[in-house]
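Working notes, beginning with the structure itself.
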Amino acid sequence: MPDIKPCTKFLNAMPREQMKHIAEEFQEVADQFYYIWQFPSDPKPLGYDEAIAQLAEEIVDLQTACETMLAIMKVDVDVARRRVIDKNMARGYYNE
């Protein structure tokens with residue numbers, strides 16, 4: 001499966017505009033999440049599996065928007081990710 005890639009079409013966007021896009025994508029994730037979790041536990045209604053798939057797609061859209069922001073900022077993503085992993089390990093967030 002391919003890695004998340006920045007949208008090269010938007011690499012010349014102003015960071016403020018990309019941040020606005022990230023906020024919009026986050027709102028789409030939140031809307032889909034709350035739509036799904038309004039249903040009772042069981043039985044799941046028709047269309048539930050498709051709603052979960054849609055939520056996953058919205059989350060990946062958000063990841064892509066964030067990846068695009070990192071590219072706009074010209075951040076070394078591997079270094080940033082390593083820092084986050086190290087921080088999370090120090091906090092005991094991983095079961096390793």
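Each reported figure results from applying straightforward, stated rules to the coordinates on display, with no laboratory input. The structure presented is a predicted model; accordingly, all values stated were derived computationally and were not measured. Using ideal geometry, Cβ is built from the backbone for each residue, glycine included, and neighbour counts are taken over all protein chains shown.
Quick notes on this one:
- Given charges at Cβ of Lys, Arg, Asp, Glu: the chain dipole, positive-most of 66, 14, 37: 14
- Each Lys and Arg adds +1 at its Cβ and each Asp and Glu adds -1 at its Cβ; summed about the Cα centre, the chain shows a dipole of about 560 debye.
- Hits among lysines - C-alpha to C-alpha of residue 74 under 20 Å, sequence gap 8 or more where chains match: 5, 9, 20
- Sparsely packed loop sites in the range 40-96 (the trypsin sites (Lys or Arg not before Pro) outside DSSP H, G, I, E and B with at most 13 other Cβ atoms within 10 Å) comprise 74, 91.
- Principal-axis tilt of helix 15-36 within the chain, Cα atoms, nearest 10 degrees: 20
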